[in-house]
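Single-structure report; data block below.
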Amino acid sequence: MTPRFAWIAALLLLLAGCGSGGPVRRISEPAASLQQVSVRADGRWDVQVRLDNFSSVPMRFSAATIQVALDNGAAATVQAQPQITIGPESADVFTATVTPLAEGRARIATALADGRSLAYTLAGTLEAGPEDGGPRTYTIKRTSALTPV
């Protein structure tokens, strides 16, 4: 073995020993959106909330407090303890039954009767954390639209 080759081999071994020893754990801010809103016969809503985990590790979602606005007017508050674990860079849905404000009930009834989309805004907090750690509170804000089906 030539001295130059031995020197390169030693350098490569040294660099190989500098690795982190495992995958990088990245904890990213989660997101929430409305998957579906169903109006029940008693006037309450079944709200399906989609939670997105952008982290590189599974995250446990323990609590959600989300104010829902429809067409820029307050409509309802979702308060839930989903207690679901979502895998890395994945999403899942939980359902909460809520009692809407009268204004929210009227906005959704009008949109359904007219067969039109309804703009919504979500604002609030999610509590989530890695399975092997404690939860952290994340502030969420999302604007999108629901389309009648």
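Things worth noting here:
- Assuming charge only on the beta carbon of Lys and Arg (+1) and of Asp and Glu (-1), the dipole of the chain about its Cα centre is about 260 debye to the nearest 20.
- Within the range 30-119, antiparallel bridges make up roughly 100 percent of the DSSP beta bridges whose residues both belong there.
- Portion, in percent, of the accessible area of the chain that falls on carbon or sulfur, probe 1.4 Å: 54
- Computed from the Cβ-Cβ distance with R0 of 30 Å, the FRET efficiency linking Arg116 to Thr65 stands at 0.55.
- Residues with amide H under 5 Å from that of Gly124, placed H, sequence gap 5 or more: Gln67, Ile140
- Shown in residue order for the range 75-84 are the 3J(HN,Hα) couplings computed by the Karplus curve 6.51 cos²θ - 1.76 cosθ + 1.60 at θ = phi - 60°: 10, 6, 10, 9, 10, 8, 10, x, 6, 10 Hz (x for Gly and Pro).
- Identified option (computed Rg and Dmax of the Cα atoms in Å; candidates [x] 15.1, 53; [y] 23.2, 85; [z] 17.3, 53): [y]
- Fluctuation leader among Leu112, Leu51, Leu34 - the chain, Gaussian network, Cα springs under 10 angstrom: Leu112
- Per-residue HN-Hα couplings for the range 133-147 [Karplus 6.51, -1.76, 1.60; θ = phi - 60°; Hz; x = Gly/Pro]: x, x, x, 10, 8, 10, 8, 10, 8, 8, 10, 7, 8, 10, 10
- Selection of trypsin sites (Lys or Arg not before Pro), the range 25-62, meeting DSSP coil and at most 14 other Cβ within 10 Å: Arg25, Arg26, Arg40
- For the range 81-125, the set of trypsin sites (Lys or Arg not before Pro) satisfying both a DSSP loop assignment and a count of at most 13 other C-beta atoms within 10 Å is given as Arg116.
- In the context of the full protein assembly, Ile27 retains an accessible surface of approximately 70 Å², using a probe radius of 1.4 Å and ignoring ligands and nucleic acids.
- Using just its DSSP H runs of length 4 or more, each adding -39500 (n - 2.57), the chain gives a mean residue ellipticity at 222 nm of -6000 deg cm²/dmol after division by all residues.
- The residues of the chain have, on average, 59 Å² of accessible surface per residue, using a 1.4 Å probe with all protein chains present.
The values are calculated or read from the model by the stated rules, or taken from the named source; none is laboratory data. Here the structure is a predicted model, which means the values were calculated and not measured. Note: ideal-geometry Cβ built from the backbone for every residue, glycine included; neighbour counts use all protein chains shown. In case anyone asks, the SASA skips ligands and DNA or RNA and just uses the protein heavy atoms, side chains included. Shrake-Rupley method; radii C 1.70, N 1.55, O 1.52, S 1.80 Å.
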